[in-house]
Amino acid sequence: MKLASLKSGRDGQLVVVSNDLTRMVAAGDIATTIQSALDNWAVVRGELETLYQRLQSGEIQGEAFDQTRCASPLPRAYQWADGSAYVNHVELVRKARGAEVPESFYSDPLMYQGGSDTFLAPREPVKMPQSNGFGIDFEAEIAVVTDDVPMGVSAEDALSHIKLVMLVNDVSLRGLIPAELAKGFGFYQSKPSSAFSPVCVTPEQLGDSWREGKLHLPLVSQLNGEKFGEPNAGMDMTFHFGQLIAHAARTRPLCAGTIIGSGTVSNKLDGGPGKPVAEGGVGYSCIAEIRMIETIQKGSPSTPFMDFGNTIAIEMFDRNGQSVFGRIDQVIEQA
């Protein structure tokens with residue numbers, strides 16, 4: 001089943017969306033918002049699934065689905081924790097500055113707790129007070145939404161707590177990150193509001209593309225209208241989502257509506273760093289990664305970070321070429 005939140009108040013209006021993303025039907029008689037559905041998932045899931053099947057069969061005609069009317073599926077959330085499951089990305093970051101990757105990075109996930117009170121809509125501009133020195137970057141990622149997760153859950157059991165899957169643009173301000181990390185207290189100003197895909201999807205709806213806690217489809221990014229990356233999200237993922245959830249829940253329970261991100265999707269190529277799409281590779285899911293490779297290979301980066309007027313689009317397609325989650329499509333604007 002596929003769900004979305006139309007812009008309405010702070011928490012949106014829940015609608016059920018057809019598989020081809022062309023039609024929708026309001027679900028307010030079952031749950032008014034996605035958060036309220038997650039709070040009572042065991043009760044309402046079956047009713048939402050029945051509504052979805054009626055929409056799919058044509059028993060309910062519904063109305064046209066317009067992605068521009070969507071907020072992020074959860075316009076605000078109780079928790080947003082982003083991991084770094086693709087260690088290839090971490091390796092490149094550290095190699096570019098001449099640092100080794102600690103062995104623990106391969107057995108213990110990295111994770112930070114981001115701001116979850118002001119998520120952007122999938123077609124909403126990314127507004128910044130300035131671009132010079134901020135190093136504005138996108139990060140194309142996969143995210144999952146959980147129900148209530150008990151403290152100390154195992155990685156295997158954690159998989160059963162994944163109720164929805166979606167895409168995310170985790171906006172990063174690379175120019176602000178080094179000074180913040182140097183303080184030893186993590187990200188804050190360098191991680192502004194993120195945006196999520198128009199639609200979120202139950203794992204079952206993804207079929208065999210969802211297996212072993214990973215989503216095995218290419219994640220496509222277009223920077224200023226040109227394909228920038230299409231790495232497969234199921235490849236080179238060191239930690240699956242069950243492991244990420246278990247890491248987040250090691251010392252605390254997670255409440256229904258918790259969002260867990262994968263970190264930047266990143267693929268290796270023949271055991272080494274990837275290549276741009278134009279050179280036959282699968283490209284990258286953020287600008288920082290190609291800048292790291294340029295630094296490693298040429299001594300300095302040449303690809304600029306984003307500036308006002310630049311655009312980023314993020315989307316995933318199934319094996320039939322059908323958009324799965326809809327399209328994140330944003331422009332950088334001056335606040």
Picked from the stretch 208-255 (must be in a loop (DSSP other than H, G, I, E, B) and without any contact (Cβ under 8 Å) to a residue 40 or more places away in the chain), the residue least open to solvent (accessible area, probe 1.4 Å) is 234
Identify, from the list 101, 25, 43, the residue that is surrounded by fewer than 17 Cβ atoms within 10 Å (Cβ to Cβ), not in a loop (DSSP other than H, G, I, E, B) and not hydroxyl-bearing (Ser, Thr, Tyr).
43
Yes or no: the stretch 135-145 includes at least one residue that is open to solvent by 40 Å² or more (accessible area, probe 1.4 Å), within 18 Å of residue 244 (Cα to Cα) and under 20 Å from the mean Cα position of the chain (by Cα).
no
How many of the residues in the stretch 260-282 are free of Cβ contacts under 8 Å to residues at least 40 places away in the same chain, of a type outside the set (A, V, I, L, M) and out of contact with any Gly (no Cβ under 9 Å at 6 or more places or on another chain)?
5
Just to be sure before I move on: is residue 285 out of contact with any Asp or Glu (no Cβ under 6 Å at 6 or more places or on another chain) and either without any contact (Cβ under 8 Å) to a residue 60 or more places away in the chain or of a type in the set (Gly, Ala, Ser) (or both) in the structure I sent?
yes
Do we find that residue 248 is among the aliphatic types (A, V, I, L, M) and farther than 20 Å from residue 106 by Cα in this structure?
no
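Of all residues in the stretch 300-317, how many are open to solvent by 60 Å² or more (accessible area, probe 1.4 Å) and without any contact (Cβ under 8 Å) to a residue 40 or more places away in the chain? Let's see the steps before the verdict.
Initial filter on the stretch 300-317 (open to solvent by 60 Å² or more (accessible area, probe 1.4 Å)): 300, 302, 304, 307-308, 317.
Adding the requirement that they be without any contact (Cβ under 8 Å) to a residue 40 or more places away in the chain leaves 300, 302, 304.
Final tally of qualifying residues: 3.
Taking only the stretch 179-205 into account, find how many residues are open to solvent by 20 Å² or more (accessible area, probe 1.4 Å) and within 19 Å of residue 18 (Cβ to Cβ).
Here the count works out to 2.
Any residue in the stretch 126-142 that is part of a strand (DSSP E or B), charged (D, E, K, R) and more than 20 Å from residue 85 (Cα to Cα)? It would help to see each step written out before you state the result.
Taking the stretch 126-142 as the starting set, the residues that turn out to be part of a strand (DSSP E or B) are 126-128, 136-137, 140-142.
Keeping just the survivors that are charged (D, E, K, R) gives 127, 137, 141.
From what's left, more than 20 Å from residue 85 (Cα to Cα): 127.
Yes, the stretch 126-142 contains a residue that is part of a strand (DSSP E or B), charged (D, E, K, R) and more than 20 Å from residue 85 (Cα to Cα).
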Would you mind finding the one in 148, 157 that is under 30 Å from residue 43 (Cα atoms) and touching a Cys at 6+ places or on another chain (Cβ under 8 Å)?
148
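Answer yes or no as to whether residue 175 is under 24 Å from residue 248 (Cα atoms) and either in a loop (DSSP other than H, G, I, E, B) or free of Cβ contacts under 8 Å to residues at least 40 places away in the same chain (or both).
Working: under 24 Å from residue 248 (Cα atoms): no; either in a loop (DSSP other than H, G, I, E, B) or free of Cβ contacts under 8 Å to residues at least 40 places away in the same chain (or both): yes.
Considered against the rule, which asks whether it is under 24 Å from residue 248 (Cα atoms) and either in a loop (DSSP other than H, G, I, E, B) or free of Cβ contacts under 8 Å to residues at least 40 places away in the same chain (or both), residue 175 comes out as no.
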How about the stretch 75-88: which of its residues are under 23 Å from residue 327 (Cβ atoms) and open to solvent by 10 Å² or more (accessible area, probe 1.4 Å)?
75, 76, 77
Report whether or not residue 51 is part of a helix (DSSP H, G or I), surrounded by 19 or more Cβ atoms within 10 Å (Cβ to Cβ) and of a type in the set (A, V, I, L, M).
yes
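The values are calculated or read from the model by the stated rules, or taken from the named source; none is laboratory data. Everything quoted here is computed from the prediction, not taken from an experiment. With ideal geometry, Cβ positions are generated from the backbone for all residues, glycine too; neighbour counts draw on all protein chains shown. With ligands, DNA and RNA removed, areas are computed over all heavy atoms of the protein, side chains included. Shrake-Rupley method; radii C 1.70, N 1.55, O 1.52, S 1.80 Å.
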